[in-house]
């Protein structure tokens, strides 16, 4: 990693790039290339984490503090949570057989993407979708590269939600016949019709996505109905309508139209500089305020030294302190923010109150024992510095009129509800403007993704140019 990043930095400088190179990191921001070379573990999961970073930035502009981020590509489905304007973090992660301890934005992934393979178990007559993927080569059967096993993308082609003649803006022409052959084999194995099998493939994948979102929300004390769901990645906007409804979510946002397919790259471009410092110092109540404050002071000095190296002015530096706390005798900690930056006394009641609120959010009302002693395990500092971000401007005027260039005619699309094909209007997303409203069923095609608006839903283009899907009113 150090060699790769070093060569990249040299090549950019030789090509005339004069800005200091920043590398995205798993904590939700970026670090200098030198720091990334010293601590390459910080880059793990930094790609999917960038999708959360971009969603956090857009959510702030939209005034949306609670967001479920969903990124569906060809092989995986990644989920993150933003609550009260802050990403949810994890502090212990696993990569294959290795366990590592790092504060990182909590991303959970399953093998469910456009390339997920659909197979029938001959003995049980059941259908399995994923986690194996056809990848990009040979890819889905419709790619015509030798793949013969049906995938979620093949199901979408059969159902009519994906236009085989306008995939990637027409740069790739898909072979619908091969999709039909692959899905028909699934149908024959289950005794279903072609369209029932295709709808079943898509529905199984979508319900698996709903399950992983439940684990990230309900099992952590959050109600998904209190969140807006952001759907991005090449395949996400085509399937979000089902798993969002399954969760009770009332609004879906497809950020910035066709940019949604590369939303993680947008997030990387909007990331602030971030350095995270930790110190383990286990102590039980009554706490030693001076000891805590001395550790926080040491973390702040360490952050300032790094930011001096980064050339960041004092006025741009922002520090956020937190403590990992638990009931004495337990092993699971919860992170408690410390907006005061320092502890004022040994008992510090606001700290206990915040701990109790967070603990009971995770484990249920009344689960925290008020008379129990508490322990501080880890002290943490997140040091940030704002960087220039892509500018998203709100439209001054909204237009209800849909331009003639936005209409692409109609085609038959099979809808699992109401279990029949419907002649469905098709739109070119590039020509939809803020204020446009479309009632489902409808399909909106962009260069790099397809947005599916189910019957009973309404799509509108908001003032920032995002697609919003809500229940029809």
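The values are calculated or read from the model by the stated rules, or taken from the named source; none is laboratory data. Note that the coordinates shown come from a computational prediction; the quantities given were computed from them, not determined experimentally. Heads up, the Cβs are rebuilt from the backbone with ideal geometry, glycines too, and the neighbour counts pull from every protein chain shown.
Which count do you get for residues in region 357-370 that are crowded, with 17+ Cβ neighbours inside 10 Å and assigned to a helix (DSSP H, G or I)? Step through it out loud before you land on a result.
Step one: list which residues in region 357-370 are crowded, with 17+ Cβ neighbours inside 10 Å, which gives 358-359, 368.
From what is left, the residues that are assigned to a helix (DSSP H, G or I) are 358-359.
Number satisfying all stated conditions: 2.
Hey, does region 208-218 have a residue that's assigned by TED's automatic domain parsing to the domain that holds residue 111, modelled with pLDDT under 95 and closer than 21 Å to residue 444 by Cα?
No, because not a single residue in region 208-218 is assigned by TED's automatic domain parsing to the domain that holds residue 111, modelled with pLDDT under 95 and closer than 21 Å to residue 444 by Cα.
Of 256, 250, which residue is more than 21 Å from residue 130 (Cα to Cα) and within 17 Å of the chain's Cα centre (by Cα)? First the steps, then the outcome.
Working: 250 fails: within 17 Å of the chain's Cα centre (by Cα).
It is 256.
Among the residues that make up region 36-44, is at least one of them modelled with pLDDT of 95 or more and either touching a strand residue (DSSP E or B) at 6+ places or on another chain (Cβ under 6 Å) or assigned to a strand (DSSP E or B) (or both)?
Checking region 36-44: not a single residue is modelled with pLDDT of 95 or more and either touching a strand residue (DSSP E or B) at 6+ places or on another chain (Cβ under 6 Å) or assigned to a strand (DSSP E or B) (or both).
Having 1 or more residues that are surrounded by 15 or more Cβ atoms within 10 Å (Cβ to Cβ) is the bar; report the strands (runs of 3 or more DSSP E) wholly within region 83-153 that clear it. I'd like the intermediate steps shown before the answer.
Details: elements: 93-95, 98-100, 108-110, 116-121, 126-133.
The qualifying strands (runs of 3 or more DSSP E) are 93-95, 108-110, 116-121, 126-133.
What number of residues in region 410-443 are touching a helix residue (DSSP H, G or I) at 6+ places or on another chain (Cβ under 6 Å), under 23 Å from residue 392 (Cα atoms) and in a strand (DSSP E or B)? Please lay out each step first, then the result.
Quick first cut of region 410-443, residues touching a helix residue (DSSP H, G or I) at 6+ places or on another chain (Cβ under 6 Å) only: 414, 416, 427-429, 431-432.
Then drop every residue that is not under 23 Å from residue 392 (Cα atoms), which leaves 428-429, 431-432.
The next check asks that each one be in a strand (DSSP E or B); those that pass are 428.
Count: 1.
Quick one: is residue 414 in contact with a strand residue (DSSP E or B) (Cβ under 8 Å, 6 or more places away or on another chain), surrounded by 18 or more Cβ atoms within 10 Å (Cβ to Cβ) and free of Cβ contacts under 8 Å to residues at least 40 places away in the same chain?
Numbers: in contact with a strand residue (DSSP E or B) (Cβ under 8 Å, 6 or more places away or on another chain): yes; surrounded by 18 or more Cβ atoms within 10 Å (Cβ to Cβ): yes; free of Cβ contacts under 8 Å to residues at least 40 places away in the same chain: no.
No; evaluated as a whole, the condition is false for this residue.
Take residue 187 and tell me if it is assigned by TED's automatic domain parsing to the domain that holds residue 450, surrounded by 17 or more Cβ atoms within 10 Å (Cβ to Cβ), modelled with pLDDT of 95 or more and closer than 17 Å to residue 112 by Cα. Walk me through how you get there before you give the answer.
Details: assigned by TED's automatic domain parsing to the domain that holds residue 450: yes; surrounded by 17 or more Cβ atoms within 10 Å (Cβ to Cβ): yes; modelled with pLDDT of 95 or more: yes; closer than 17 Å to residue 112 by Cα: no.
Taking the combined requirement at face value, the residue does not satisfy it.
Please work out which residue is nearest to the chain's Cα centre (by Cα), limiting yourself to region 438-465 and to residues that are under 22 Å from residue 391 (Cβ atoms) and surrounded by fewer than 22 Cβ atoms within 10 Å (Cβ to Cβ). Steps first, answer last, please.
Taking region 438-465 as the starting set, the residues that turn out to be under 22 Å from residue 391 (Cβ atoms) are 446-448, 461-465.
Imposing the further condition that a residue be surrounded by fewer than 22 Cβ atoms within 10 Å (Cβ to Cβ) reduces the set to 447-448, 462-465.
Values: 447: 21, 448: 18, 462: 20, 463: 22, 464: 19, 465: 19 Å.
Only one residue tops the list, namely 448.
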